[in-house]
């Protein structure tokens, strides 16, 4: 299997991991929303050093492509694409929600993942806790709507992610039934999970040339919303 460097800047942390043959050689996971290119490159250098390899030894790059914070995604993807382009490598895009779901294994019932998307929404999806099968596809949802979708599955649910903390009154009853909150230690992405999913993409032949990789925002950015509203306003005036 190839030697792959994985990068994650999709949420409130910065993570980098190095993987080969299913084994994590090194990783670093830092809290904090400051994700300057200098800091990320320093983290990459540290992980490569602890893994005992140089950039030239890499055979692939993986990166979370969303959903998540727009600025964080753009920074991480730009660095990953630049690295892959400079080394002549392919790149694997990894779902933020799927990576977060790997924090929980062998769960009886349903694993729901929700990231606070702000503006009264969560980026969300749900998976079978035993097989990992996606039961509810990724989307930007109102918390109430996501709760109703989860309840319609008629199975116990464990909900993890920052969305659970942002909207507890909308997800949980006093007795935490049938949706139970996961511990907040399960809210952040482990870069090792990004590396494992990225390795799977490479082994499946799904890695892409860097120029073809695109973020998955799941909704318009604030700038795009304003532009769309402005365009609609002009159309209405005409």
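The values are calculated or read from the model by the stated rules, or taken from the named source; none is laboratory data. What you see is a predicted model, and the numbers here were worked out from it, not measured in a lab. When we count neighbours, we look across all protein chains shown, and the Cβ atoms used for this are built from the backbone with ideal geometry, even at glycine.
Table: residues versus (1) touching a strand residue (DSSP E or B) at 6+ places or on another chain (Cβ under 9 Å); (2) outside any strand (DSSP E or B); (3) closer than 30 Å to residue 23 by Cα.
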site	(1), (2), (3)
139	yes, no, no
150	yes, yes, no
154	no, yes, no
165	yes, yes, no
175	no, yes, no
185	no, yes, yes
189	yes, yes, yes
192	yes, yes, yes
196	yes, yes, yes
| message | Whether any residue in the range 95-106 is part of a strand (DSSP E or B), modelled with pLDDT of 95 or more and touching a strand residue (DSSP E or B) at 6+ places or on another chain (Cβ under 8 Å) is what I want to check. | response | yes
| Scan of the range 27-43 for residues that are buried (at least 19 other Cβ atoms within 10 Å of the Cβ), in contact with a helix residue (DSSP H, G or I) (Cβ under 8 Å, 6 or more places away or on another chain) and modelled with pLDDT of 80 or more, ordered by number | 27, 40
| remark: Picking from 205, 200, the residue that is assigned to a helix (DSSP H, G or I), out of contact with any helix residue (DSSP H, G or I) (no Cβ under 9 Å at 6 or more places or on another chain) and assigned by TED's automatic domain parsing to the domain that holds residue 71 would be 200
| remark: Exception for residue 116 within (1) in the same structural domain as residue 208 (by TED's automatic domain parsing); (2) surrounded by fewer than 22 Cβ atoms within 10 Å (Cβ to Cβ); (3) closer than 13 Å to residue 10 by Cα falls at (1)
| note | The number of residues in the range 143-164 that are under 19 Å from the mean Cα position of the chain (by Cα) and free of Cβ contacts under 8 Å to residues at least 40 places away in the same chain is 2
| message | Of everything in the range 72-94, what is in a helix (DSSP H, G or I), touching a residue at least 12 places away in the same chain (Cβ under 8 Å) and farther than 17 Å from residue 16 by Cα? Give them in sequence order. | response | 85, 87
| message | Suppose the filter is outside any loop (DSSP other than H, G, I, E, B), in the same structural domain as residue 201 (by TED's automatic domain parsing) and touching a residue at least 24 places away in the same chain (Cβ under 8 Å); does residue 62 pass it? | response | yes
